[in-house]
1. Restricting the search to the stretch 96-126, which residues are surrounded by 10 or more Cβ atoms within 10 Å (Cβ to Cβ) and either in contact with a strand residue (DSSP E or B) (Cβ under 9 Å, 6 or more places away or on another chain) or not in a helix (DSSP H, G or I) (or both)?
2. Which residues, taken from the stretch 28-47, are surrounded by fewer than 16 Cβ atoms within 10 Å (Cβ to Cβ) and within 32 Å of the chain's Cα centre (by Cα)?
3. Can you tell me how many residues within the stretch 22-43 are more than 14 Å from residue 5 (Cα to Cα), assigned to a helix (DSSP H, G or I) and without any contact (Cβ under 8 Å) to a residue 12 or more places away in the chain?
4. Name the residue that is modelled with the lowest pLDDT, counting only residues in the stretch 48-65 that are surrounded by 10 or more Cβ atoms within 10 Å (Cβ to Cβ) and in a loop (DSSP other than H, G, I, E, B).
5. Please specify each residue of the stretch 72-87 satisfying the condition of being surrounded by 11 or more Cβ atoms within 10 Å (Cβ to Cβ), closer than 18 Å to residue 58 by Cβ and free of Cβ contacts under 8 Å to residues at least 24 places away in the same chain.
């Protein structure tokens, strides 16, 4: 059930947020208020605040990015392989991570296996043991 806080609680939250107190401290001083409620009121009362940026930080600097854009527009770098070789030459190792690519034959084999086992009962699946290398029937 959604409910609104009383005006006095809202004002006390506002003043405590303006003082810069931590959420845990505010939750002690104003009982019955959750962390998500405090976050909502912080967004409401301080929309001008700067937020942190989520995600992994880029390893390529903005200067390098601008250089690459300029070289691509000028025509010095024409392909992705050229960009890759340039980045490798300045020490940025770029490559694929360890997930294997699924070829058409792999997808067909997986579909064939799934269709062959679609009618198995729960007991059949309990007898099956999976490991990372081989399939063993017990």
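1. 102, 117, 120
2. Applying the first criterion (surrounded by fewer than 16 Cβ atoms within 10 Å (Cβ to Cβ)) to the stretch 28-47 yields 28-29, 31-32, 34-36, 39-40, 43-47.
Residues satisfying the conditions are 28, 32, 34, 35, 36, 39, 40, 43, 44, 45, 46, 47.
3. 4
4. First, the residues of the stretch 48-65 that are surrounded by 10 or more Cβ atoms within 10 Å (Cβ to Cβ): 59-61, 64-65.
Then drop every residue that is not in a loop (DSSP other than H, G, I, E, B), which leaves 59-61.
Details: 59: 83, 60: 87, 61: 89.
Per the stated criteria, the residue is 59.
5. Correct list: 72, 83, 84, 86.
The values are calculated or read from the model by the stated rules, or taken from the named source; none is laboratory data. Source: prediction; values computed, not measured. We place every Cβ from the backbone using ideal geometry, glycine too, and count neighbours over all the protein chains shown.
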